[in-house]
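Trainee: The structure is given below, and queries will be raised subsequently.
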Amino acid sequence: MNPSEPSVDRPLRIALLGCGVVGTEVARLLTRDADELARRVGLPLELVGIAVRRLDRDRDLDVPAELFTTDALGLVTRGDIDVVVEVIGGIEPARELILAALEAGASVVTANKALVAEDGARLSAAATKAERDLSFEAAVAGAIPIVRPLRESLAGDRVQRVLGIVNGTTNYVLDQMTTLGQGFSEALEEAQRLGYAEADPTADIEGFDAAAKAAILASLAFHTRVSLGDVHREGISDVTAADVRSAAEMGCVVKLLAICERTETSVGARVHPAMIPLEHPLASVRGAYNAVFVESEAAGQLMFYGPGAGGAPTASAILGDVVSVARNRVREIFGPGETTHADLEVIDVGRARTRYHVAIDVQDRAGVLAVIAQEFARFDVSIKNLRQEGHGSDAQLVIVTHEAEDASLAATVEALRGLDIVRDVSSVMRVEGGI
């Protein structure tokens, strides 16, 4: 048979797991754009089943009622499904259902960042064994195409660093604090009122969501298996209005960053708030938008920007994967899977090299600067800038360091807290992006 000729000549059957905000939009696009999608794939895409928890829930979706089922496992294992789209989220039963779908011969498209970050190796191995696709463009940064560029477009290049604003909730909160001078609690309440933050915003605010995405980005970029447990995580709940003001005085803004880096022999991934200079492209990312900044050896600096969440943007990324996977099914091939050939050492945050902005409340007396400087020197941390604000009981030193190992910086801060002349180390924040 000519390899350019399709080996499948029937409609491709799609099963959808989950029908919340994203799932509803996926089903709507599959039905509304059926003719256009058929032309792009080469065969019609037929939505044959939607697994939900409750059948009696009202849904704003014009599809036959008989498509809905509560038997998700029965749907994915019925034997005639070509592509399973998973948008239920969480670890279980999503993992069980994806593995069952692959074993039954279906390719899988998922938006499940937590599962891919935690157990991507197992899922990828199952897809390879089944000779089926596992695609997850929507798991990172919503509508922004970043998974496929890292996995395919940059496959011939050497990616050195990935910096990302990959959580819209935290970016909105920090943007409100920056532009309107709001405190953290006030900005978070506004985000919840507008629907940018969940009633329980812990996963976003404490960096869990961004950490899962960082694990995926690092694994793709550096061809090394990086799990969720390998990612250092800090959230934004301790960021204060004073931190935001200090950043502005330095010509910076505060962002929650996912940072993935490689050296010749190692890789590392971390998520934490950081000050970045206003001239850095990520500094201009406003509101609930996401952006990923990639630095590679040959291509140089690349920026991917757009809406990072929401039903329609996420569904757009999912449908892109569905079209790609469906094209492969038409010709009975499967695309690139996990590549871990580099197998570099995954290091903890202590060995990462960064800079610190440290605000120290001190006693205003002779010799304080010398004692403080001695502590920095003791841990081999060089001071770049130092200024004193206030006098007497309001005296504060603000120090920006040169780049040093994170562990050395942390040890310096711990030593400072033990000095009699230090009333408090009131703020500690990393500085990224070059100032």
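Trainee: When you go through (1) under 31 Å from the mean Cα position of the chain (by Cα); (2) farther than 24 Å from ILE333 by Cβ one by one for LEU55, which number turns out not to apply?
Mentor: With (1) under 31 Å from the mean Cα position of the chain (by Cα); (2) farther than 24 Å from ILE333 by Cβ applied to LEU55, the lone miss is (1).
Trainee: Which is hydroxyl-bearing (Ser, Thr, Tyr) and without any contact (Cβ under 8 Å) to a residue 40 or more places away in the chain, of THR110, THR128? If you could, list the steps in order and put the result at the bottom.
Mentor: Numbers: THR128 fails: without any contact (Cβ under 8 Å) to a residue 40 or more places away in the chain.
It is THR110.
Trainee: Identify, please: which residue in segment 405-435 is of a type outside the set (A, V, I, L, M, F, W, C) and out of contact with any Ser or Thr (no Cβ under 9 Å at 6 or more places or on another chain) and is, among those, surrounded by the most Cβ atoms within 10 Å (Cβ to Cβ)?
Mentor: Keep residues of segment 405-435 that are of a type outside the set (A, V, I, L, M, F, W, C), which gives 405-406, 408, 412, 414, 417-418, 420, 423-424, 426-427, 430, 432-434.
Still in the list and also out of contact with any Ser or Thr (no Cβ under 9 Å at 6 or more places or on another chain): 408, 414, 417-418, 420, 424, 433-434.
Numbers: SER408: 18, GLU414: 12, ARG417: 12, GLY418: 8, ASP420: 7, ASP424: 12, GLY433: 20, GLY434: 10.
Among residues in segment 405-435 that are of a type outside the set (A, V, I, L, M, F, W, C) and out of contact with any Ser or Thr (no Cβ under 9 Å at 6 or more places or on another chain), the one surrounded by the most Cβ atoms within 10 Å (Cβ to Cβ) is GLY433.
Trainee: Ok, one more. For segment 353-375, indicate whether the set of residues that are at pLDDT 95 or above, part of a helix (DSSP H, G or I), under 16 Å from MET429 (Cβ atoms) and more than 31 Å from the chain's Cα centre (by Cα) is non-empty.
Mentor: Taking every residue of segment 353-375 in turn, none turns out to be at pLDDT 95 or above, part of a helix (DSSP H, G or I), under 16 Å from MET429 (Cβ atoms) and more than 31 Å from the chain's Cα centre (by Cα).
Trainee: Going by the structure shown, is SER408 hydroxyl-bearing (Ser, Thr, Tyr), assigned to a helix (DSSP H, G or I) and within 36 Å of the chain's Cα centre (by Cα)?
Mentor: Details: hydroxyl-bearing (Ser, Thr, Tyr): yes; assigned to a helix (DSSP H, G or I): yes; within 36 Å of the chain's Cα centre (by Cα): yes.
So SER408 passes the test.
Trainee: Would you point out the residue of segment 62-89, among those that are within 26 Å of the chain's Cα centre (by Cα) and modelled with pLDDT of 95 or more, that is surrounded by the most Cβ atoms within 10 Å (Cβ to Cβ)? Spell out how you get there, then give the answer.
Mentor: Narrowing segment 62-89 to residues within 26 Å of the chain's Cα centre (by Cα): 83-89.
Subsequent filtering for residues that are modelled with pLDDT of 95 or more retains 83-88.
Numbers: VAL83: 24, VAL84: 29, VAL85: 31, GLU86: 27, VAL87: 26, ILE88: 23.
Among those residues, the one meeting the criterion is VAL85.
Trainee: Looking at segment 137-162 only, could you name the residues that are assigned to a loop (DSSP other than H, G, I, E, B) and surrounded by fewer than 23 Cβ atoms within 10 Å (Cβ to Cβ)? So that I can check it myself, show each step before the final result.
Mentor: The first filter runs over segment 137-162 and keeps only residues assigned to a loop (DSSP other than H, G, I, E, B), leaving 140-146, 154-158.
Listed by number, the residues that qualify are ALA143, PRO145, LEU154, ALA155, GLY156, ASP157, ARG158.
Trainee: Could you go through segment 249-257 and let me know if any residue there is out of contact with any helix residue (DSSP H, G or I) (no Cβ under 6 Å at 6 or more places or on another chain), part of a loop (DSSP other than H, G, I, E, B), closer than 18 Å to THR354 by Cα and without any contact (Cβ under 8 Å) to a residue 12 or more places away in the chain.
Mentor: No, that holds for no residue.
Trainee: Now for a different question. Might you let me know whether segment 51-71 holds any residue that is assigned to a loop (DSSP other than H, G, I, E, B) and in contact (Cβ under 8 Å) with a residue 60 or more places away in the chain?
Mentor: Within segment 51-71, the subset assigned to a loop (DSSP other than H, G, I, E, B) is 52-64, 70-71.
Retained after the next criterion (residues that are in contact (Cβ under 8 Å) with a residue 60 or more places away in the chain): none.
Looking for residues that are assigned to a loop (DSSP other than H, G, I, E, B) and in contact (Cβ under 8 Å) with a residue 60 or more places away in the chain, one finds none in segment 51-71, hence no.
Trainee: Sticking with this structure for a sec: Return the pairs, sorted by first residue and then second, in which the second residue is buried (at least 18 other Cβ atoms within 10 Å of the Cβ) and of a type in the set (Val, Ile, Thr), the first residue lies in segment 138-157 and is at positive phi, the beta carbons are less than 8 Å apart, and the residues are 6+ apart or on different chains.
Mentor: ALA141/VAL166; ALA141/VAL292; GLY142/THR314
Trainee: If you don't mind, there's one more thing I want to ask. For segment 192-232, name all the residues that are of a type outside the set (A, V, I, L, M, F, W, C), crowded, with 20+ Cβ neighbours inside 10 Å and not in a loop (DSSP other than H, G, I, E, B).
Mentor: If the condition is that a residue be of a type outside the set (A, V, I, L, M, F, W, C), crowded, with 20+ Cβ neighbours inside 10 Å and not in a loop (DSSP other than H, G, I, E, B), then ASP204, ASP209, LYS213, SER219, ASP230 are the ones that fit.
Trainee: So, of the residues in segment 160-188 that are under 17 Å from the mean Cα position of the chain (by Cα) and among the β-branched types (Val, Ile, Thr), which turns out to be nearest to MET275 (Cα to Cα)? So that I can check it myself, show each step before the final result.
Mentor: Looking only at segment 160-188, we keep the residues that are under 17 Å from the mean Cα position of the chain (by Cα), and these are 161-174.
Next, only the ones that are among the β-branched types (Val, Ile, Thr) stay: 162, 165-166, 169-170, 173.
Working: VAL162: 16, ILE165: 13, VAL166: 16, THR169: 18, THR170: 14, VAL173: 15 Å.
Ranking the qualifying residues of segment 160-188, first place goes to ILE165.
The values are calculated or read from the model by the stated rules, or taken from the named source; none is laboratory data. Not measured: the values here are computed from a predicted model. Heads up, the Cβs are rebuilt from the backbone with ideal geometry, glycines too, and the neighbour counts pull from every protein chain shown.
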